[in-house]
1. Being open to solvent by less than 10 Å² (accessible area, probe 1.4 Å), assigned to a strand (DSSP E or B) and more than 13 Å from L176 (Cα to Cα) narrows it down to one residue among V65, V99, V81, V75; which is it?
2. Can you tell me how many residues in the range 201-248 are within 15 Å of V263 (Cβ to Cβ) and hydroxyl-bearing (S, T, Y)?
3. Among the numbered criteria (1) hydroxyl-bearing (S, T, Y); (2) closer than 22 Å to P269 by Cα; (3) surrounded by fewer than 17 Cβ atoms within 10 Å (Cβ to Cβ), which single criterion is violated by S92?
4. Anything in the range 19-34 that is in a strand (DSSP E or B) and out of contact with any His (no Cβ under 8 Å at 6 or more places or on another chain)? List them, or say none.
5. Considering every residue within the range 235-253, establish whether at least one is of a type in the set (G, A, S), modelled with pLDDT of 95 or more and within 23 Å of F76 (Cα to Cα).
6. Determine whether the range 329-337 contains at least one residue that is assigned to a strand (DSSP E or B), open to solvent by less than 30 Å² (accessible area, probe 1.4 Å) and of a type in the set (V, I, T).
7. With the condition kept exactly as written, say whether any residue in the range 405-421 is in a loop (DSSP other than H, G, I, E, B), farther than 24 Å from R59 by Cβ and touching a His at 6+ places or on another chain (Cβ under 6 Å).
8. Could you please let me know if L137 is touching a strand residue (DSSP E or B) at 6+ places or on another chain (Cβ under 9 Å), at pLDDT 95 or above, aliphatic (A, V, I, L, M) and at positive phi?
Amino acid sequence: MTLAPRPQIHFTPMRNWMNDPNGLIFYKGLYHLFFQYNPEGDQWGNMSWGHATSKDLSRWEEQPVAIEYTPTHAVFSGSMVVDYFNTTGFGSVENPAMVAIFTEHQHDEARQVQSLAYSLDDGQRWKRYESNPILDLEMKNFRDPKVTWNRVNECWIMSVVKPHEETVCFYESDNLKEWRLLSEFSAQGSAAGIWECPDLFPLSVDGDSANKKWVLFISVNPGGVTGGSGTFYFIGDWNGKEFIPDSVEMRWLDYGRDNYAGVTFNEAPDDRKIYLGWMNNWEYADKIPANPYRGAMTVPRELTLVTRGSEIHLLQKPVKELVTTSVLDYTFVIKPTSGKSGSRFSRSDGSSVVVGYDADTKMIYLDRTEMWFDFSTARIESAPYDWQGAEFEVRVIIDSSSIETFVSGGQVCVTDLLAPGEIPSVITAF
């Protein structure tokens, strides 16, 4: 059997199944990526935390499995903190513990609870907290804790979801072990589906550290904007107890089909907010051929808030550290007059993928028909935006099995998988 070419700049495990990124954190000069992983096969199951590290967000080194499933429980999604002030007592101020906060899922699907594990050797060996769980609502579905040190509250804050109630719960704690409910957030009229993987974080507006807004990410499946999995967000304020959105109208993080369950790194240098998503869709994630891995991450993206016109917009750009010399990294300009314009990217076998703009419908679109599998239900993804006749830039990054499109500095993003193959070498404008 001939294996398809492995992605050049997107993290993939050496083999087996991978989905959600977990426990993203920067510590002692290394970016740590933990992820949902099946150590025993290339289909979903036996969920554990895989582990990889990077010095530059471009080259990743896979580490041994960090937190393994047990005979009774799987290790579902969660987050990672460094307990610098030893609030847990797991380590010391001189040697602080890395603490993983994750969902334990009973194999019989009767209950999901939140639990802890910790490492005193920089993430190489892990010990489960002997008094787990640390948060149990006796619910069948209650998961995906994202924990950070919150400077407004001066304590640990957890965002965690009741998935089928379409509700994010906010808790606070002084020691990561006992948790107090602060509030619950739900948004009428937002995407219907199973809510997952929340992330609440502050960002400066227009680079002004005195002017901050808070962003709340929520992943939903099904119910994504172009079908299947997707992620939406709100911009608003955090008062120490509640998240108050500026508008209850949610915004989509990505208009492609293959960016899901993404969260931001804790403790990234210079207060940067760096995002990483699972580049896949639950509609077909188990059907894509394993080579021998199954699953990849997006490129890491830096998030910023900027004011354009009268609105604040979230921008996503590939991190400045990203080395793209081994892939196609191409920027072109669209001048929206009338009809369709854009670029076609072709492989030597003649197959191509198209990125363009339809000035009549005011849609960014991507057509991967010739580079996709028969079982896909989506051939064209669209993102509505009216540039009011002004020209704008489109940056496209194409790896062996994916295309990521960043429009107008990342104000609109479209992320899609492609059938694995050679990186396109012919570019045709139209």
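The values are calculated or read from the model by the stated rules, or taken from the named source; none is laboratory data. A quick note: this is a predicted structure, and the numbers were derived from the prediction, not measured. Note that we place each Cβ from the backbone using ideal geometry, even for glycine, and neighbour counts take in every protein chain shown. SASA here: full protein model, heavy atoms, side chains in, ligands and nucleic acids out. Shrake-Rupley method; radii C 1.70, N 1.55, O 1.52, S 1.80 Å.
1. Testing whether each residue is open to solvent by less than 10 Å² (accessible area, probe 1.4 Å), assigned to a strand (DSSP E or B) and more than 13 Å from L176 (Cα to Cα) leaves just V75.
2. Total satisfying the criteria: 4.
3. Condition (2) is where S92 drops out.
4. N19, D20, P21, N22, Y27, L30, Y31
5. Filtering the range 235-253 down to residues of a type in the set (G, A, S) leaves 236, 240, 247.
Now restrict to residues that are modelled with pLDDT of 95 or more: 236, 240.
Now narrow it down to the ones that are within 23 Å of F76 (Cα to Cα): none.
So far as the range 235-253 goes, no, none of its residues is of a type in the set (G, A, S), modelled with pLDDT of 95 or more and within 23 Å of F76 (Cα to Cα).
6. Here is the first cut: in the range 329-337, the ones assigned to a strand (DSSP E or B) are 329-334.
Going one step further and asking which of them are open to solvent by less than 30 Å² (accessible area, probe 1.4 Å), we end up with 332, 334.
In the following step, the residues that additionally are of a type in the set (V, I, T) were identified as 334.
Checked the range 329-337: at least one residue is assigned to a strand (DSSP E or B), open to solvent by less than 30 Å² (accessible area, probe 1.4 Å) and of a type in the set (V, I, T).
7. For the range 405-421, residues in a loop (DSSP other than H, G, I, E, B), farther than 24 Å from R59 by Cβ and touching a His at 6+ places or on another chain (Cβ under 6 Å): present.
8. Against the criterion (touching a strand residue (DSSP E or B) at 6+ places or on another chain (Cβ under 9 Å), at pLDDT 95 or above, aliphatic (A, V, I, L, M) and at positive phi), L137 does not qualify.
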